[in-house]
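J.: Structure provided below as structure tokens; questions to follow.
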2 protein chains.
Amino acid sequence: MKISVVRNILEANDRIAQQNRDLFTENGLLVINLMSSPGAGKTSLLEKTIDALKDDVGIGIIEGDIQSTQDAERIARKGVPAVQINTGGECHLDGNMIRDAFKEFDFENMDLLIVENVGNLVCPAEFKVGEDFKAMILSVTEGDDKPSKYPLMFRESKVLLINKIDLLPYVDCSLDRIKEDSLKINPDLSIFEISCKTGEGLEEWYEWLRERIKNREVIS
Amino acid sequence: MKISVVRNILEANDRIAQQNRDLFTENGLLVINLMSSPGAGKTSLLEKTIDALKDDVGIGIIEGDIQSTQDAERIARKGVPAVQINTGGECHLDGNMIRDAFKEFDFENMDLLIVENVGNLVCPAEFKVGEDFKAMILSVTEGDDKPSKYPLMFRESKVLLINKIDLLPYVDCSLDRIKEDSLKINPDLSIFEISCKTGEGLEEWYEWLRERIKNREVIS
């Protein structure tokens with residue numbers, strides 16, 4: 001019985017996510033659902049990405065947190081529109097929350113919307129919000145056993161950004177094991193090795209993302 | 001309506017957790033529910049704690065993971081009984097799962113049962129399993145903004161272990177901010193600054209834990 005309740009919730013969410021998806025496509029937006037454990041570097045990646053792209057890409061950000069507006073404040077300081085969703089205890093964002101938040105944007109000149117999900121390597125992977133694709137961050141400090149222990153997020157994501165590689169000399173973590181195990185779960189994963197602190201590896205990410213924005217589906 | 005479904009699930013869980021609690025007390029066990037984000041160091045803390053205490057404390061471990069048996073294998077290598085629960089997608093352990101796992105133990109000579117929850121800084125805080133108290137780990141690599149962003153777990157825990165302090169020179173993280181914000185949420189929190197890698201700070205934790213084991217409630 002519990003399972004059927006969960007299934008109903010997921011199906012209802014899928015319908016709303018599809019409506020969001022249609023709305024995003026009508027408005028010519030590329031939408032990314034960004035997920036990770038708490039503290040893996042989602043907001044830091046957004047700050048770097050905004051700095052690199054904002055001169056020629058219209059960017060909007062939705063910040064999902066259980067509580068507090070710290071992340072939206074960090075993004076707003078970068079000079080792009082940011083809407084904070086406080087889930088009030090919920091461990092993930094869903095289609096409804098994004099639909100409401102999206103109303104706050106003036107999306108005339110927006111090309112890219114990034115939704116920063118609640119920090120959680122489990123639940124957000126189950127709930128679509130209307131994104132073109134999911135991207136996830138794993139930091140090397142979390143350890144190289146994470147793909148095999150939390151496979152759903154690796155399976156659902158199109159992109160894996162392995163962050164904090166500047167800390168590799170100080171932690172026991174094999175990049176090869178992360179990459180090998182991730183690709184076993186999801187052979188189509190695009191993997192970037194990055195450090196939001198030093199900037200290493202970010203150029204490849206920006207270039208990949210620009211290509212995606214250029215080739216996004218636009219209906220008007 | 002969704003809220004009432006969630007409330008019913010939580011209330012049903014509370015009843016089962018209380019039954020577990022009674023069973024643990026009858027058997028003279030101190031039970032700790034250990035929680036954190038993925039990769040904060042739960043299994044490493046268990047390995048260290050087992051090495052330090054196993055000669056004079058009877059220890060059992062329940063390992064909660066969505067998938068894989070890697071953590072139970074790590075614990076079994078330490079020579080103490082370990083039962084692995086695979087939640088099959090669920091983001092937290094609940095009372096039912098612990099009741100079933102507990103049957104696997106020969107608890108005649110056990111004093112301490114530690115339940116390692118699924119790596120998740122959100123959902124496990126809502127579900128009691130019958131523990132005497134909850135303990136949480138936050139690693140400094142996750143950042144000092146976590147208490148204000150994920151307050152429930154800090155509020156529900158009796159112990160906060162701040163791990164990976166050996167990495168403090170390489171990350172932007174203020175221990176003072178973590179401690180200040182945590183104590184604002186939960187003034188009764190016992191805080192330990194530790195490194196499972198170097199062993200720093202662990203003696204204080206062992207001593208505190210020994211004291212708790214000595215003074216545990218025993219009914220027989």
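J.: Can you pull the mean other chain C-beta count within 10 Å for peptide B:155-167?
T.: 1
J.: Using modelled backbone amide H atoms (1.01 Å from N, in-plane), which distant-in-sequence or interchain residues come within less than 5 Å of residue A:138's amide H?
T.: A:161, A:162, A:163
J.: Tabulate in residue order the Karplus-calculated ³J(HN,Hα) for the stretch B:111-128, using 6.51 cos²θ - 1.76 cosθ + 1.60 with θ = phi - 60°, rounded to whole Hz; enter x for Gly and Pro.
T.: 10, 9, 10, 10, 9, 8, 6, 4, x, 5, 7, 10, 5, x, 5, 8, 10, 6
J.: How far is residue A:172 from the same spot in each other copy, in nm, shortest first, if each label point sits 7 Å from Cα toward Cβ?
T.: For residue A:172, the inter-copy label distances come out at 3.0 nm.
J.: Could I ask something else about it? Sequence-distant or interchain residues sharing an amide H contact under 5 Å with residue B:130, placed H: which?
T.: For residue B:130, whose amide H was placed from the backbone, there are no distant partners under 5 Å.
J.: Here's something else I'd like to know. Take peptide A:142-154, look around each residue's Cβ out to 10 angstrom, count Cβ atoms belonging to other protein chains, and average those counts. Let's see the in-between values first.
T.: Values: counts 9, 7, 1, 8, 3, 1, 5, 10, 10, 4, 3, 1, 0.
Mean partner shielding for this stretch: 5.
J.: In the neighborhood of residue A:149, defined by Cβ-to-Cβ distances under 14 Å, what is the net charge if each Lys or Arg adds +1 and each Asp or Glu adds -1?
T.: Local net charge: -4.
J.: How far apart, in nm, are the 7 Å Cα→Cβ label points at residue A:206 and residue B:214?
T.: 6.0
J.: With an 8 Å Cα cut-off and a minimum separation of 6 or more residues, compute the relative contact order for chain B in percent. Mind dumping the intermediate values first?
T.: Working: 418 pairs, mean separation 57.6, N = 220.
Rounded, it is 26 percent for chain B.
J.: From the Cα gyration tensor of the stretch A:8-128, with a ≥ b ≥ c the square roots of its eigenvalues, which class applies: rounded if a/c is under 1.5, or else prolate if a/b is larger than b/c, or else oblate?
T.: Judged from the Cα gyration tensor, the stretch A:8-128 comes out oblate (a/c at least 1.5, b/c at or above a/b).
J.: Round to a whole angstrom and tell me the spacing of the C-alpha centers of the stretch B:43-94 and the stretch A:155-218.
T.: The stretch B:43-94 and the stretch A:155-218 have Cα centres spaced 31 Å from each other.
J.: Further question: Taking N as the number of residues in chain B, what is its Cα Rg relative to 2.2 N^0.38 Å?
T.: It is 0.98.
J.: Would you please classify the overall shape of the stretch B:74-140 from the alpha carbon gyration tensor, given that a ≥ b ≥ c denote the square roots of the eigenvalues, rounded means a/c under 1.5, and beyond that prolate means a/b larger than b/c while oblate covers the rest? Mind dumping the intermediate values first?
T.: Values: a/c = 1.59, a/b = 1.38, b/c = 1.15.
Note, shape of the stretch B:74-140 comes out prolate.
J.: Also: Taking the mean number of other Cβ atoms within 10 Å as a proxy for protection, how do you rank B:42-52, A:45-55, B:166-176 from highest to lowest?
T.: Descending packing order for the listed peptides: B:42-52, A:45-55, B:166-176.
J.: Suppose only helical runs count, i.e. DSSP H with n ≥ 4. What mean residue ellipticity at 222 nm does that imply for chain A under -39500 (n - 2.57) per run, divided by all residues and rounded to the nearest 500 deg cm²/dmol?
T.: Values: 8 runs with 86 residues, N = 220.
Estimated from H runs of four or more residues: -11500 deg cm²/dmol.
J.: Can you give me the P(r) profile for the stretch B:160-218? Cα pairs, bins 5 angstrom wide beginning at 0, each as a whole percent.
T.: 4, 17, 22, 21, 19, 11, 4, 2, 1, 0
J.: Using R₀ = 30 Å, calculate the FRET efficiency as 1/(1 + (r/R₀)^6) where r is the Cβ-Cβ separation of residue A:108 and residue A:198; round to 0.05.
T.: After rounding to 0.05, the efficiency reads 0.25.
J.: Determine how many Å³ per residue the convex hull of the Cα atoms of the protein assembly as shown encloses.
T.: About 139 Å³ per residue, rounded to a whole number.
J.: Note down the magnitude of the dipole of chain B about its Cα centre, charges +1 on Lys and Arg C-beta and -1 on Asp and Glu C-beta and zero elsewhere, to the nearest 20 debye.
T.: Taking the Cα centre of chain B as origin, the dipole is about 440 debye.
J.: Quick one: 3J(HN,Hα) in Hz for the stretch B:64-70, Karplus 6.51/-1.76/1.60 with θ = phi - 60°, rounded, Gly and Pro as x.
T.: Once rounded to whole Hz, the list reads x, 9, 5, 7, 6, 10, 4.
J.: Mind listing the label-point distances from residue B:215 to the same position on all other copies, shortest first, one decimal in nm, points 7 Å along Cα→Cβ?
T.: So the label point of residue B:215 gives 6.4 nm to the other copies.
J.: In addition: If amide H atoms are built 1.01 Å from N in the plane of the peptide, which residues on other chains or at least 5 residues away come under 5 Å of the amide H of residue A:118?
T.: Answer set, sorted by chain and number: A:93.
J.: Could you pull the copy-to-copy label distances for residue B:18, with points set 7 Å along Cα to Cβ, in nm to one decimal and sorted shortest first?
T.: Sorted ascending, the copy-to-copy spacings read 4.4 nm.
J.: Lysines near residue A:54 by alpha-carbon distance under 25 Å, same-chain residues fewer than 8 away left out - which ones?
T.: A:42, A:78, A:103, A:134, A:158, A:164, A:197, A:214
J.: Still on this model: Output ³J(HN,Hα) for the stretch A:55-63: one whole-Hz value per residue in order, computed from phi by the Karplus curve 6.51 cos²θ - 1.76 cosθ + 1.60 with θ = phi - 60°, and x for Gly and Pro.
T.: Computed from phi, the couplings for the stretch A:55-63 are 5, 10, 10, x, 10, x, 10, 10, 9 Hz.
J.: How do the peptides A:203-214, A:145-156 rank, highest first, by the average count of neighbouring beta carbon atoms within 10 Å per residue?
T.: A:145-156, A:203-214
J.: Going by average Cβ density within 10 Å per residue, which order do the peptides A:8-16, B:58-66 take, highest to lowest?
T.: Those peptides, ordered most packed to least, come out B:58-66, A:8-16.
J.: Under 16 Å from a point 7 Å along the Cα-to-Cβ line of residue A:172: which residues of the stretch B:179-203 have their amide N that close?
T.: In the stretch B:179-203, the label zone of residue A:172 (backbone N under 16 Å from the point 7 Å along Cα→Cβ) covers B:195-200.
J.: Same structure again: Whole percent per 10 Å bin, from 0 to the bin with the longest distance: what is P(r) over all C-alpha pairs of the stretch B:118-205?
T.: 17, 51, 29, 2
J.: On average, how many beta carbons from a partner chain sit within 10 Å of the beta carbon of a residue in B:113-126? Before the final figure, lay out the partial values.
T.: Numbers: counts 0, 0, 0, 0, 0, 4, 9, 9, 9, 12, 7, 1, 2, 2.
The mean count of partner-chain Cβ atoms within 10 Å per residue comes to 4.
Coordinate-derived values only; no laboratory data. None of these values were measured; they are calculated from a predicted model. Note that we place each Cβ from the backbone using ideal geometry, even for glycine, and neighbour counts take in every protein chain shown.
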